[in-house]
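Worksheet: the structure to be examined is printed underneath.
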Amino acid sequence: MSDLRITEAFLYMDYLCFRALCCKGPPPARPEYDLVCIGLTGSGKTSLLSKLCSESPENVGSTTGFSIKAVPFQNAILNVKELGGANNIRKYWSRYYQGSQGVIFVLDSASSEDDLETARNELHSALQHPQLCTLPFLILANHQDKPAARSVQEIKKYFELEPLARGKRWILQPCSLDDMDVLKDSFSQLISLLEEKDHEAMRM
């Protein structure tokens, strides 16, 4: 092959690379959803969200008011407003519900009976709240790595989820910080529910 032909071949390859890199256009924007994350103090809300954001969950303190994290996924960005779970804060939760498109409820599956009862009451209240009752719910039964953790079936029965959440979009998933694949899969399922709700709204 002559030097001229070789030069032409390289120029053409450069042109193809340029087209691939510069003329493709920006990737389509990922949809963003605004979520509210609630649960009692110690349920692990902050640690789970920190791990999803690739932040270290070590030395994480309890949220005293609220915090917002943008949690990135391949097909969506979740803007999660996490509300503190202390008794003196829970009574103000409903002030932060407006604008939410979905709900994450985190419970400590290894907690005491008293705390589990409190979590049950708070979940029931959230599921029936006018601003949340039509939204997709992701319920995370956290701390499954602890010996005292209740199974998903035990939690589903104790929380009376099937009769309470009948007709709603909800997911109950066991999780722990030790199994990020399960946690990410839970959020992928939630994103699917959010997308379904979007498509239904567009058809109306």
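Side notes on the structure shown:
- Basic side chains Lys and Arg get +1 at the Cβ, acidic Asp and Glu get -1 at the Cβ, and with that the dipole of segment 29-203 about its Cα centre reaches some 500 debye.
- For segment 29-203: rounded, prolate or oblate by the Cα gyration tensor [a/c cutoff 1.5]: rounded
- The amide H of Ala110, built 1.01 Å from its N in the peptide plane, has Arg150 as neighbours under 5 Å, considering only residues 5 or more places off or on other chains.
- Simple rule: put +1 on each Lys or Arg Cβ and -1 on each Asp or Glu Cβ in segment 29-203, find the dipole, and look at Ala86, Cys53, Cys133; the Cα lying farthest toward the positive end is Cys133.
- J(HN,Hα) series, segment 37-48, from Karplus relation 6.51 cos²θ - 1.76 cosθ + 1.60, nearest Hz, glycine and proline x: 10, 10, x, 5, 4, x, 6, x, 4, 5, 5, 5
- Amide hydrogen proximity for Trp170: with H placed 1.01 Å from N in the peptide plane, the residues at 5 or more positions away or on another chain lying under 5 Å are Phe137.
- Residue by residue, segment 81-93 carries 3J(HN,Hα) couplings of 9, 8, 9, x, x, 5, 4, 7, 9, 4, 5, 9, 3 Hz when phi is fed to the Karplus relation 6.51 cos²θ - 1.76 cosθ + 1.60 (θ = phi - 60°); x denotes Gly or Pro.
- Phi angles of segment 114-119 translate, via the Karplus equation with coefficients 6.51, -1.76, 1.60 and θ = phi - 60°, into HN-Hα couplings of 4, 5, 5, 5, 5, 4 Hz per residue; Gly and Pro are given as x.
- Anchor Lys45: lysines whose Cα lies under 27 Å away (excluding residues fewer than 8 positions away in-chain): Lys69, Lys81, Lys91, Lys146, Lys156, Lys157, Lys168, Lys184, Lys197
- Mean Cβ neighbour count within 10 Å, used as a protection proxy, ranking 167-175, 105-113 highest first: 105-113, 167-175
- Highest average packing first - 83-93, 45-55, Cβ atoms within 10 Å: 45-55, 83-93
- Placed amide H near Leu35: partners under 5 Å, 5+ positions off or other chain: Asn79, Val80, Lys81, Gln101
Quick note: the coordinates plus some simple rules give every number you see, no bench work behind them. Being a predicted model, the structure only gives us computed values, none of them experimental. Cβ atoms come from the backbone with ideal geometry, glycine included; neighbour counts cover every protein chain shown.
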